[in-house]
Amino acid sequence: MSDANTATLPVLLSALRLPSIARHWTRHAETADREGWPAARLLATLFELEVADRTARRIQRHHEQSALPAGKTFATFDFDAAPGLSKGRLQALAAGDLWLKNGSNVLAFGPSGTGKSHAAAALGSALIDAGYRVLFTRTTDMVQRLQAARRDLNLESMLDKLDKFDLVILDDFSYVRKDQAETSVLFELIAHRYERHSLLITANQPFSTWDQVFPDPAMCVAAIDRLVHHAVILEMNGESYRKRTAVERAASPLTQEAAVTK
Ligand code: ADP
Ligand code: MG
């Protein structure tokens, strides 16, 4: 390769925003020269490299923008401690595909500490790895953001912006109280995404107490109707994992010893 090419290539690659090729092309070009590769093989090698790095960078960015809690993945989730939750079912959901395409929902119910938030986050994380976009938020935070948008006459545009997420996870749905003014924004979100984009909702209480969330019974019924129309329901009815690990810690000889010597 001529010195002129060697000199201009970094400039061209930077202008075209091909950082991975810019970083690695000399090594591959040397191999190609040494082994007599056809030009097409070198080109394909370099472009594949850029595409793979670009995909990895995009997925990394989507993880950063998801607000998912750190470390809550399937790798750290013990399915044996979550009776009622089928691993196969979660793995099928983690592939995304049809249910996200159809805007179906997942509703995870169960008492506190049974792993709802962890399972939801793990599913979200796996979906990001599979190329989807996910946003994790406490429902009360989302309600506040939607209320602020409505005050600024921006509710529609905020709902449109949320469309870029294939899945919005609303954690602790039943913590929302209608005395938190204007919870009807939550209904707006549900109606906006209905049959278009998916929601994953976790809640301690299934529907029976949701009249505490919405300003009137008709809106509550309409919201539940839309949520369950296309939905997978996960019942997490095991023992509290928090309580269980606390009990195990208390029972372990090491902790008892530490307690005695304190
Ligand atoms: P919930 O949202 O149902 O109240 P969390 O998902 O917050 O419960 O779980 C409580 C704690 O226990 C978290 O630290 C979570 O990571 C952990 N945990 C719950 N279930 C499991 C499980 N099956 N495997 C591993 N950790 C779990
Ligand atoms: Mg939770």
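The values are calculated or read from the model by the stated rules, or taken from the named source; none is laboratory data. The model shown is predicted, which means the values in this text are computed figures rather than measured ones. Quick reminder, even Gly has a Cβ in these numbers, built from the backbone with ideal geometry, and neighbours come from all protein chains shown. Side chains included, ligands, DNA and RNA excluded: accessible areas come from the protein's heavy atoms. Shrake-Rupley method; radii C 1.70, N 1.55, O 1.52, S 1.80 Å.
Here are the numbers:
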item	result
Sole residue being under 22 Å from L200 (Cα atoms) and modelled with pLDDT of 95 or more, chosen from P38, P19, P83, P69	P69
Residues (among the acidic types (D, E) and either under 26 Å from T114 (Cα atoms) or in contact with a Gly (Cβ under 9 Å, 6 or more places away or on another chain) (or both)) located in segment 65-104	D78, D80
Candidate set: segment 108-123, residues that are of a type outside the set (A, V, I, L, M, F, W, C) and part of a helix (DSSP H, G or I); chosen: the one nearest to ligand 2 (Cβ to nearest atom)	S117
Failed criterion for T114 (all others in (1) over 15 Å from the mean Cα position of the chain (by Cα); (2) without any contact (Cβ under 8 Å) to a residue 60 or more places away in the chain; (3) near ligand 1 (Cβ under 9 Å from one of its atoms) hold)	(2)
Set T255, T261: member being modelled with pLDDT under 95, outside the structural domain of L123 (by TED's automatic domain parsing) and in contact with a helix residue (DSSP H, G or I) (Cβ under 6 Å, 6 or more places away or on another chain)	T255
First in segment 180-192 and at positive phi, second anywhere and outside any helix (DSSP H, G or I), Cβ under 8 Å, 6 or more apart	E182/P215
Strands (runs of 3 or more DSSP E) within segment 147-250 that include 1 or more residues polar (S, T, N, Q) and more than 16 Å from ligand 2 (Cβ to nearest atom)	198-203
First in segment 236-247 and under 11 Å from P111 (Cβ atoms) and more than 7 Å from ligand 1 (Cβ to nearest atom), second anywhere and open to solvent by less than 100 Å² (accessible area, probe 1.4 Å) and of a type in the set (D, E, K, R), Cβ under 9 Å, 6 or more apart	G238/R244
Which numbered condition G36 misses (of (1) assigned by TED's automatic domain parsing to the domain that holds I128; (2) on the phi > 0 side of the Ramachandran plot)	(1)
Scan of segment 124-146 for residues that are in a helix (DSSP H, G or I) and either within 16 Å of ligand 2 (Cβ to nearest atom) or among the aliphatic types (A, V, I, L, M) (or both), ordered by number	G124, S125, A126, L127, I128, T139, T140, D141, M142, V143, L146
Residue match in segment 42-56 (condition: in a helix (DSSP H, G or I), open to solvent by less than 70 Å² (accessible area, probe 1.4 Å) and aromatic (F, W, Y))	no
Subset of segment 73-98 (residues that are under 21 Å from R244 (Cα atoms), open to solvent by less than 40 Å² (accessible area, probe 1.4 Å) and outside any loop (DSSP other than H, G, I, E, B))	F79, A81
